Each structure stands twice: as C-alpha cells, then as structure tokens.
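Data block below; observations after.
Every number in this text was worked out from the coordinates using simple rules, so none of it is lab data. What you see is a predicted model; the values in this text were computed from it and never measured. When we count neighbours, we look across all protein chains shown, and the Cβ atoms used for this are built from the backbone with ideal geometry, even at glycine.
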Amino acid sequence: MDSDGLRNFAGLRGLAAIEDFVIHRPNRADSAWVRGLIKRNRVVVLATTEGDEPWVAPLEYTADEDLNLYFFSTTEARHVRHLEANSAVAAVVFDHVQPRVTATTTTDLNGVQMECTAIRVPPNLHPDAVKTAIDTLDISIPPYAVFKIVPHRFYVPRVENGLNIRYEVDMA
C-alpha cells in the first residue's frame with residue numbers, strides 16, 4: 001500500500017489490524033472474525049448505569065475461549081459501584097484502524113458491540129490469566145474486584161451510504 005492509501009486510515013494501530021482490513025477483507029458476519037478481533041485487542045469500553053446515572057469506562061481485559069472478558073478494578077471505581085447495582089452492561093471492542101467514511105461510503109467497521117451481563121468473580125475462582133496479571137502488577141491499590149463480562153449478543157457496526165447501522169453476528 002502506498003502513502004496515499006495509508007492516508008485513508010485514521011489512527012493506524014498495528015500491522016495485524018491493517019492486514020485484516022486491507023489485505024484479507026474478511027467477512028465481519030463470520031464469528032471467527034469477531035473472535036479474532038476480541039482476542040487481538042486488550043481494551044474494552046464498558047457502559048454501565050445505576051438508576052439514571054450512565055457511565056463509560058475503558059478497561060484492560062483478558063478473554064477466555066468462550067469470549068468472556070475479565071477485568072479488575074478498585075472497588076471504589078464508579079463502574080464497579082454501578083455493576084453492584086445493575087449487572088446489565090454494553091461493551092465495545094474495536095481496532096484503531098478504521099476506514100475513512102464519507103456521505104457515500106458503504107463498509108463494515110472494525111469493531112464489535114456486545115450486550116452483556118457482568119458478574120463479580122470470587123477470589124477463589126479468578127482465572128489464571130487474571131491471577132497472573134494481578135501478581136505481575138503487584139497491585140497495591142485499595143481492595144479490587146474481578147468481573148467477568150459475559151456477552152449474549154454481538155453486533156458489527158457498518159456504514160451504508162454514510163449512515164451508521166449494525167447487524168447481529170451469530171456466534172454459534
């Protein structure tokens with residue numbers, strides 16, 4: 001790809017995302033593509049609510065083979081307080097490589113939106129990846145909580161003639 005072609009992308013993140021978008025042009029309705037996107041990224045944007053108080057938080061995560069996402073945060077965090085009151089959440093994982101969109105663009109975007117439930121994980125049930133992260137960081141923050149985000153529905157965002165839409169991906 002020449003430098004003019006690269007100008008069509010905003011926020012180049014890495015070769016894997018560029019290769020995925022430009023070279024392979026995968027079918028984003030394919031569950032394997034969604035799985036790969038979740039596995040190659042490390043930050044989920046989590047939307048929570050408590051009553052009429054919405055919140056959104058970017059969180060580092062690790063994913064298991066069933067695409068459950070695990071994160072840990074201080075128990076004082078606003079999103080943790082929200083999760084204690086309401087386990088229904090929305091989450092987004094996306095690549096920083098996205099196509100340039102105009103009024104006539106029709107293309108899939110490199111991300112997945114998810115409807116989920118968040119469950120607090122007791123310390124004796126922390127997955128090995130979470131235990132390793134906690135040990136590696138030698139966490140000295142106040143008490144923390146580990147949560148498991150269980151996705152129920154997956155959607156891929158798409159632009160059709162410049163308008164944002166989404167479609168559901170069957171992960172079965």
How many angstrom lie between the C-alpha centres of the stretch 39-73 and the stretch 95-123? 12 Å
Cα gyration tensor, the stretch 44-137 - rounded (a/c under 1.5), prolate or oblate: oblate
Note the full-extension length gain between His96 and Thr75 as 0.36 nm times their separation in residues minus their Cα-Cα distance, in nm to one decimal. 4.6 nm
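For the stretch 96-139, give the magnitude of the charge dipole about the Cα centre (Cβ charges: +1 Lys/Arg, -1 Asp/Glu; no others), in debye to the nearest 20.
On the way: 3 positive and 5 negative charges, 28 e Å.
With Lys and Arg at +1 and Asp and Glu at -1, about 140 debye.
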Residue-wise, which Karplus ³J(HN,Hα) couplings in Hz belong to the stretch 82-91, taking 6.51 cos²θ - 1.76 cosθ + 1.60, θ = phi - 60°, and x for glycine or proline? 4, 5, 5, 8, 8, 7, 7, 9, 10, 9
Looking only at the stretch 148-163, which residues have a backbone nitrogen under 17 Å from a spot 7 Å from the Cα of Met171 in the C-beta direction? 148-157
Neighbouring Cβ atoms within 10 Å as the yardstick, rank Val93, Val80 fewest first. Val80, Val93
For Arg35, Arg100, order by how many other beta-carbon atoms lie within 10 Å, fewest first: Arg100, Arg35
